[in-house]
1. Is there a residue being buried (at least 22 other Cβ atoms within 10 Å of the Cβ), in a strand (DSSP E or B) and either out of contact with any Leu (no Cβ under 7 Å at 6 or more places or on another chain) or in the same structural domain as Asp52 (by TED's automatic domain parsing) (or both) anywhere in the range 117-131?
2. Could you figure out which of (1) out of contact with any strand residue (DSSP E or B) (no Cβ under 7 Å at 6 or more places or on another chain); (2) within 22 Å of Val257 (Cβ to Cβ); (3) among the charged types (D, E, K, R) isn't true of Lys301?
3. Answer with yes or no whether Asp52 is in contact with a Pro (Cβ under 7 Å, 6 or more places away or on another chain), surrounded by fewer than 17 Cβ atoms within 10 Å (Cβ to Cβ), at pLDDT 95 or above and more than 30 Å from His447 (Cβ to Cβ).
4. On the given criteria, is Leu438 over 28 Å from Gly311 (Cβ atoms), assigned by TED's automatic domain parsing to the domain that holds Trp176, buried (at least 18 other Cβ atoms within 10 Å of the Cβ) and of a type outside the set (S, T, N, Q)?
5. Going by the structure shown, is Gln321 under 20 Å from the mean Cα position of the chain (by Cα), in contact (Cβ under 8 Å) with a residue 40 or more places away in the chain, in a loop (DSSP other than H, G, I, E, B) and not assigned by TED's automatic domain parsing to the domain that holds Gly108?
6. Condition first: assigned to a helix (DSSP H, G or I) and either in contact with a Phe, Trp or Tyr (Cβ under 9 Å, 6 or more places away or on another chain) or polar (S, T, N, Q) (or both). Now tell me which residues in the range 326-337 satisfy that.
7. Being at pLDDT 95 or above, over 30 Å from Arg440 (Cα atoms), in the same structural domain as Phe141 (by TED's automatic domain parsing) and not in a helix (DSSP H, G or I) narrows it down to one of Arg61, Arg67, Arg107, so name that one.
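The values are calculated or read from the model by the stated rules, or taken from the named source; none is laboratory data. As the structure is a prediction and not an experimental result, all values here were calculated from the model. Positions of Cβ are backbone-derived with ideal geometry, glycine not excepted, and every protein chain shown enters the neighbour counts.
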Amino acid sequence: MLNLPKVDEEYLDELAKYVAIESVSRDATHDVMRQAADWLVERLGFANGYVDETSGHPVVRGEWLGRPGAPTLLIYGHYDVQPTGDLAEWSSPPFKLTIDDEVIRGRGCTDDKGPVFIVLKMAQAFIDQEGGLPLNVKFLFEGEEEIGSPHLGEYVTTHADELSCDLVISADGAMWRPNEPSLSLMSKGLVTCTVEVQGARDDLHSGRFGGTVANPLHGLTEILARLHGTDGSVLVPGFYDGIPALLPARREELGRVLFDEALYCHDLGISEVFGEVGYSTLERLWERPTLEINGIEGGGKYTVIPHVAKGHLSCRLVPGQDPEKVIEAITSFVEGQRLPGLSVKVHRDGPGVPAYTISAEHPAIRAAVSALETVYPNDSVLLACIAGTLPATVLFEKTLGAKTLFFSFSTADERLHAPDEFMRVRRFGEGMIAWEQLWRLLANGPHRLSMKGTTNE
């Protein structure tokens with residue numbers, strides 16, 4: 001067992017310097033993003049870390065290959081963060097790591113700077129105390145995850161031989177609840193698009209022209225209202241094509257998960273849950289796809305009839321759905337709506353990402369369960385789903401032929417992407433212990449990871 005670093009003031013001060021870098025991939029300068037990448041490189045000295053440029057923000061690479069004949073891991077994470085949102089909604093400055101009782105608060109502390117820091121501190125302890133790692137490890141940290149990893153595919157494809165591995169472990173992701181250890185067997189897929197409704201050539205004075213021309217905002221809201229039934233189901237023909245029926249055994253399994261719906265509503269500030277009829281809240285969250293309206297643009301608080309209105313849509317997909325067919329179904333349905341005096345167009349945002357799955361019987365899952373049981377001996381490990389999307393998982397499987405294990409010590413309630421993002425301090429210590437146990441089990445144990453071309457021992 002390693003003598004792991006204490007999560008004390010010195011530990012958190014080091015993390016605070018990382019959180020202070022405003023690496024918002026959506027709008028940060030290259031210099032700022034490079035600063036965050038350089039911070040990681042400094043902590044990858046044991047792995048000869050370096051920055052590698054891409055067509056977008058740089059990636060950080062490193063590798064320690066001192067165990068010939070042992071399995072090779074690729075550790076994935078990201079150093080970019082979401083925008084802050086309304087600063088008035090933060091209890092403290094977003095880029096100043098603030099200790100508040102048993103939590104730390106700051107943008108990126110739980111998504112994904114804190115979880116990546118856990119791995120780096122644990123790996124350095126191996127080097128300092130045992131002179132090396134128990135297996136071969138490569139590192140890949142990107143700076144564009146929060147904007148859909150637009151350049152990661154090109155980079156991984158170009159460097160596939162260098163990144164070859166037997167398993168990817170993602171420090172990105174989140175456990176279901178802070179009091180219940182969990183592992184994700186699936187992450188949902190994603191497609192996004194914009195519905196654009198156009199009317200007159202220019203914005204028009206609502207007094208001079210009102211009542212004589214069609215209003216694009218009226219037309220847009222009509223279309224958006226037709227996407228769902230009153231029960232929350234998606235009415236787009238073909239949207240649900242390919243999804244297998246939810247088996248009774250799976251429904252029974254989900255029914256055994258402790259879930260307080262009243263508490264769920266209380267924590268979200270809502271009076272009741274809502275969604276597709278015939279499915280429980282957990283079934284809808286983990287097993288069913290969604291089509292959400294994320295935003296509407298057009299006009300403003302002044303007296304005009306806007307000439308254009310836009311609605312931004314996103315779909316979270318489940319196994320069986322083809323992103324291409326889903327976006328085609330939405331396009332056909334939306335552009336088939338006939339609105340007098342208006343034209344309708346769907347603009348897709350990219351090829352989309354299919355859902356990702358890993359078997360509960362995969363040796364990485366079995367090893368991860370054992371590692372978590374070491375840290376949480378009184379709790380059973382829940383096998384769940386990440387309702388969000390990590391584009392890199394499908395890319396790694398397709399390009400590197402390697403499955404991805406989600407192993408993050410962030411939890412879903414820690415206000416990821418929202419004001420007052422936080423992480424529980426105890427999770428850093430728990431995470432380092434679990435990562436150590438996981439690496440040892442994958443290297444040499446009953447769940448030893450098989451190398452490509454070999455069988456499990």
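1. No: zero hits.
2. (2)
3. Criteria met by Asp52.
4. yes
5. Considered against the rule, which asks whether it is under 20 Å from the mean Cα position of the chain (by Cα), in contact (Cβ under 8 Å) with a residue 40 or more places away in the chain, in a loop (DSSP other than H, G, I, E, B) and not assigned by TED's automatic domain parsing to the domain that holds Gly108, Gln321 comes out as yes.
6. Val326, Ala329, Ile330, Thr331, Ser332, Phe333
7. Testing whether each residue is at pLDDT 95 or above, over 30 Å from Arg440 (Cα atoms), in the same structural domain as Phe141 (by TED's automatic domain parsing) and not in a helix (DSSP H, G or I) leaves just Arg107.
Listed here are the residues, each with its yes/no results for (1) over 30 Å from Tyr302 (Cβ atoms); (2) assigned to a strand (DSSP E or B); (3) touching a strand residue (DSSP E or B) at 6+ places or on another chain (Cβ under 7 Å).
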{"site": "Met186", "(1), (2), (3)": "yes, yes, yes"}
{"site": "Val195", "(1), (2), (3)": "no, yes, yes"}
{"site": "Gly207", "(1), (2), (3)": "no, no, no"}
{"site": "Gly211", "(1), (2), (3)": "no, no, no"}
